[in-house]
Amino acid sequence: MGFSPIGDGWSGNRDQQLFTGNYNGDGHAIINLYINRPIEYYVGLFGETANGTIKNLAITNASIKGYNIAGILAGESSSKVQNCYTTGEVKGSSDVGGFIGVCYQAQNCYTTAKVLSDTGDGGYMGNIISKTFKKRYVNCFFLNYNKIKHNSNLNYGIPLTKMGLGVKSNYKGWTILEDKRLKEGAPPILRRIDETKEVVWVMHPYTIIACKIVVQAQDKNGGMSPVANASVKIGTTETKSNKDGYVSSPGITNSTNTIEVRASGYQLQSTQFFLTRESNVCYISLKKAFDGGTGEKEAPYQIQNLVQLRNLSINTWNWDKHFIQTADIDAEDTRNWNIEDGDQDPYTKEAPMGFSPIGDSRSGDRQHIRFSGSYNGAGFTIDKLYIFRPWESYVALFGYTTENSSITALGLTDANITGHYYSGIMAGLFNGKAENCFTTGKVDCRREFTGGFMGECQNATNCYTTASVKSIENDKSALAREG
């Protein structure tokens, strides 16, 4: 029967115990949710909710089957729902929705789920319960499988074609947009800041005129302290914060500016910038990206878990710093990361592309930024690293490095790597110095320059691999191609 819904509107064993609390997904996704309860009412992640708020949550590739009042996010909800989306399939008899079966209020949400309903009402965000609720769905959309004509009086949400879901103007006022996703057939994805690359769209519901900006982070005592030398880019203007965290350039001047913040060793706090208006001061809150250190050679940043390893991966401004691993890292969760069309095949489903390599030579978001720092594994391992990027080159834990880079005393075990050119487990194209490292697992490269250790390596001492290697071009090496 699968997952048991949170909150129940059906009298019986659970005595109508509705979920009345708050749930903040913080930009994370729940993937492959399965519920098979074909004779039950109030079927979804949440069965029935009242009061409270549900926000910043994605539920992807869900499979939901109920009798009546069924949806992916909830069967019935009178909670305030904001910034959420669903994908997958829902089946039921009546009051069935791809988002929520019966919903009283939702804003800035969408679904691309397929809905199979005995009453023929499939394809809507969710069904109407009373014509008095004319504002149930505010700025909400659904993928129009059934070619439904928009009827504002019914307020099922706004039907859009696959192309329409990728039009940026449809999402005005949303909290977070990833601009690169807004293209044909690619609606925006809510993600934590630490899962994005660099630029995040923050769409404010209000205008802040010429306010001062302060960059701050939580200190060891739990208070907030200023962050100096942070790069803050607003629109096209980029300025460094001073020792007090202040940014001297004019502040946000309209509600649709993009804000990009780069601060060595820091990560943005959550799914959105904490921007408040107090005496015309706008605060941007950060948190430490690593466990300790300053990034200097004498005091390297400390990495002890997968979150911190990801922070290194996505923050290019740290790629010239020094790092030391302080514990074994279980990277199995990388198998669920970055769900996109990695194989560029329109006839296959989007799939997790896994870990994003550290160091890159591609043009685009990361602009030929190679890893030029040092990484000391200190004898620890990274287990079950997963990367599936069959149309990308320089695919490995470290994609592309400079001659100044170094990797020492690191083991990668049971890795699973798929790339195009220059693919390996430890590095794709490595121009630095590697010592006392090893890899196990498998590598599958679609073209040349493949190795179980590195795709191409300039300098390695006391290293080995037991990884299996497959290359369509048959240009492969058990260890690495010598540069």
- Query: Residue by residue through segment 388-405, which ³J(HN,Hα) values in whole Hz follow from phi under the Karplus form 6.51 cos²θ - 1.76 cosθ + 1.60 (θ = phi - 60°), with glycine and proline marked x?
  - Reply: 10, 9, x, 10, 10, 9, 6, 10, 4, 4, 10, x, 8, 10, 8, 5, 8, 7
- Task: List every residue whose amide H lies under 5 Å from the amide H of Ile407, counting only residues 5 or more places away in sequence or on a different chain, with H placed 1.01 Å from N in the peptide plane.
- Result: Tyr375, Lys433, Ala434, Glu435
- Along segment 315-329, what does the Karplus equation 6.51 cos²θ - 1.76 cosθ + 1.60 (θ = phi - 60°) give for ³J(HN,Hα), rounded to whole Hz, x for Gly and Pro? 9, 5, 6, 9, 7, 10, 9, 10, 9, 9, 8, 10, 6, 5, 10
- Item | Footprinting exposure proxy for Arg37, Arg389 (fewest neighbouring C-beta atoms within 10 Å first) | Arg37, Arg389
- Taking amide H positions as placed in the peptide plane 1.01 Å from N, state which residues far from Phe46 in sequence (5 or more) or on other chains have amide H under 5 Å from it. Ile6, Ala74, Gly75
- Peptides ranked, highest mean first, by Cβ atoms within 10 Å: ranges 425-432, 293-300, 402-409, 65-72: 425-432, 65-72, 402-409, 293-300
- Item | Three-way shape call for segment 388-468 based on the alpha-carbon gyration tensor, with the a/c threshold at 1.5 | oblate
- Phi-derived 3J(HN,Hα) across segment 40-55 with the Karplus relation (6.51, -1.76, 1.60, θ = phi - 60°), rounded Hz, x for Gly and Pro, is 10, 9, 6, 10, x, 3, 9, x, 9, 10, 8, 6, x, 9, 10, 8
- Amide H of Glu392: which non-local residues (sequence gap of 5 or more, or other chain) have their own amide H closer than 5 Å, using H built in the peptide plane? His420
- Task: At 0.36 nm per residue, minus the direct Cα-Cα distance, what do Asn36 and Ala351 gain on full extension? Give it in nm, one decimal, please.
- Result: 111.0 nm
- Message: Given an 8 Å cut-off on Cα distances and at least 6 residues of separation, report the relative contact order of segment 52-115 as a percent.
- Response: 36 percent
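Throughout, read-outs are computed from the coordinates displayed, never taken from laboratory work. Note that the structure is predicted; figures quoted are calculated from it, not measured. Positions of Cβ are generated from backbone atoms using ideal geometry, with glycine treated the same way; all protein chains shown enter the neighbour counts.
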